[in-house]
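Here the structure is laid out as structure tokens; the discussion comes afterwards.
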Amino acid sequence: MSHDDELGSGDSAWPAFTDLFSATSLLMLAILASFVGLLLLKSRGEEQQRAKLVRTLTQVSDSGRLFRIDSTERQFVRLILPERATFERGQFAWRKLRPNGKGALASIAHALAKREVVGLYRELQVEGHTDKEPFAGGPDFTNWELSAARAAVVARYLVNALQMDPCTVSAVGRASYFPARKVPDGTDASEADRRIEIVIVPNAKTRSVRGCDPHGDGSRFTGADGTAALSVGTQPATPVPKGVPGADPSPRSAPAAGTAP
């Protein structure tokens, strides 16, 4: 074989390699485009879920008088219950939850229990917030404990009184570290800081209730903790606690030992 024949053989292999490289690149681009398309579809689906949640909750918010809706975050729908609808200053016990707050929670539970809505969210996180004034409870009871206790009472009311799924409800205390981003007219900043927020996470398709036992200690079925179960959507009656300790009656004062709900 001549030298020219050898060169010709090498030249014929180069287009084949180029074609293979081009085909591989096109395949990778197609895979990438499909992946991006799936992400966009998922994002669009979550946006639609959020929009439907906001529409449904807006209908029961009494034009923001019961609770305000913050839909500025793309991942969540945030409901804001002001101090006047939750607890007086220094209070945190079950029996101290205000009647209009119970009405607001009943409206929220009723909206989220609708057949066309219940599949749109996977979690409700109840967040307690305080102002920056130190709670006069000493080292054993601070704004951390106060905010967590309030959040726990609201979560308990949603589950025990309003029959929401306990596997989707959680409670967390934020103390004073997340002040209100918006201060309503006629409200000072400290009052706006003292609030309960309910963060609703859309997209039930990724719901995870790993290890959750919805029966728990059984008290929400028997009323052993003083909770009277209500029909979701009805105006809540004031429950009659049985052995449920209350907060110290003086605002901003330390609770007696063991009085946290």
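Just so you know, all these numbers are worked out from the coordinates, no wet-lab data involved. Not measured: the values here are computed from a predicted model. Please note: Cβ atoms are built from the backbone with ideal geometry, for glycine as well, and neighbour counts cover all protein chains shown.
Observations
- Odd one out for Y177 among (1) part of a loop (DSSP other than H, G, I, E, B); (2) of a type in the set (F, W, Y); (3) touching a residue at least 24 places away in the same chain (Cβ under 8 Å): (3)
- Conditions (1) within 18 Å of D193 (Cα to Cα); (2) touching a residue at least 40 places away in the same chain (Cβ under 8 Å); (3) within 17 Å of the chain's Cα centre (by Cα): number failed by Q75: (1)
- The set of residues from the range 45-88 being under 30 Å from N143 (Cα atoms) and either touching a Ser or Thr at 6+ places or on another chain (Cβ under 8 Å) or in a strand (DSSP E or B) (or both) comprises S61, L66, F67, R68, I69, D70, V77, R78, L79, I80, L81, P82.
- If you go through the range 89-130 and pick out every residue that is in a loop (DSSP other than H, G, I, E, B), charged (D, E, K, R) and crowded, with 22+ Cβ neighbours inside 10 Å, you end up with 0.
- Within the range 136-154, the set of residues being surrounded by fewer than 23 Cβ atoms within 10 Å (Cβ to Cβ) and touching a strand residue (DSSP E or B) at 6+ places or on another chain (Cβ under 9 Å) comprises A136, G137, N143, W144, E145, A148, A152.
- Filtering R89, R122, R115, R150 for residues that are within 23 Å of K182 (Cα to Cα), among the charged types (D, E, K, R) and out of contact with any Pro (no Cβ under 7 Å at 6 or more places or on another chain) leaves a single hit, R150.
- Flag if R68 is basic (K, R), surrounded by fewer than 19 Cβ atoms within 10 Å (Cβ to Cβ) and farther than 15 Å from I198 by Cβ: no
- Filter pass, N203 being under 17 Å from the mean Cα position of the chain (by Cα) and surrounded by fewer than 19 Cβ atoms within 10 Å (Cβ to Cβ): yes
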